[in-house]
Amino acid sequence: MWNFLVEVITSAYAQVVLLFLLLAYFFGHRKDPRLMVSGLKLLQTAVLLIIFLYFVWNWASEIPPSLRATSVFGMFLINLHLAYNLLLSRKERQYRDALHQVGLEPQRPELLKEAWDAGKHFYHWAYFPSALFSGSSPSRVLHSLTSARVRDDLKDTLHHYGAEKKLVSVGLMADYLKSRLAADDTLPADFKIAMTQATEDFIRHPWIKEQVDAFLLVASESPEDLYFPDWLKDFDRTSQ
């Protein structure tokens, strides 16, 4: 097995075949709507292809054997980078699929855990080179970056699917109040029963439920509309 790997690394023909396979996969998956297509990545791939062709031309020229081996090793490094991008695209595809499921069924906590695990694996692979040379603890850098990016992606996904209306609701607020009442051991039992009943009575009326749902949605999406309504009206009027 080891001998086979050495032969692949040191063979220019094998590197050319690997390049075509990796490029075919790269361009075949650029049309995948689940992946974040970047023009910069396409430019980077074009530059690497030019460098690879230079190595091929250098290898085919009349140069000393040591330089020929260096050219083959350069081809191997370029293919290794393309294979790394291939791995990232597969991780990203799994992550986007998990986010899509969260957007469709945000009430299921197991889907949220799957999205978190997939996002952690994807961003760990994506930011590992940067974290390795960051000058700080790589694990701490990866954890910080992963947490921030996955939170932002989940927020964007829920907003894209309009899932805030399913999550931010008067029912969720009532469940939160009931759980807080049940967990607070300092409150008398009679008070807990009375407050639980008052909470249920408050949310039972359809008009109250509709108004509180609207308030919570505005508070989560644009709290400035609640705190500065007069200022925003004046601002909209002067900006028109």
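A few points about this structure:
- Number of positions in region 101-129 that are outside any helix (DSSP H, G or I) and either buried (at least 18 other Cβ atoms within 10 Å of the Cβ) or without any contact (Cβ under 8 Å) to a residue 40 or more places away in the chain (or both): 3
- In region 80-100, the condition of being closer than 17 Å to PHE20 by Cβ, among the aliphatic types (A, V, I, L, M) and without any contact (Cβ under 8 Å) to a residue 40 or more places away in the chain is met by at least one residue.
- Yes/no for SER89 being in the same structural domain as LYS155 (by TED's automatic domain parsing), surrounded by 13 or more Cβ atoms within 10 Å (Cβ to Cβ), outside any helix (DSSP H, G or I) and at negative phi: no
- Long-range neighbours under 7 Å by Cβ, at least six apart or interchain, first residue without any contact (Cβ under 8 Å) to a residue 40 or more places away in the chain within region 170-181, second outside any helix (DSSP H, G or I): LEU181/LEU187
- Any hit, region 130-141, residues being under 24 Å from HIS160 (Cβ atoms) and crowded, with 17+ Cβ neighbours inside 10 Å: no
The values are calculated or read from the model by the stated rules, or taken from the named source; none is laboratory data. Every value quoted in this text rests on a predicted model; they were computed, and no experiment measured them. When we count neighbours, we look across all protein chains shown, and the Cβ atoms used for this are built from the backbone with ideal geometry, even at glycine.
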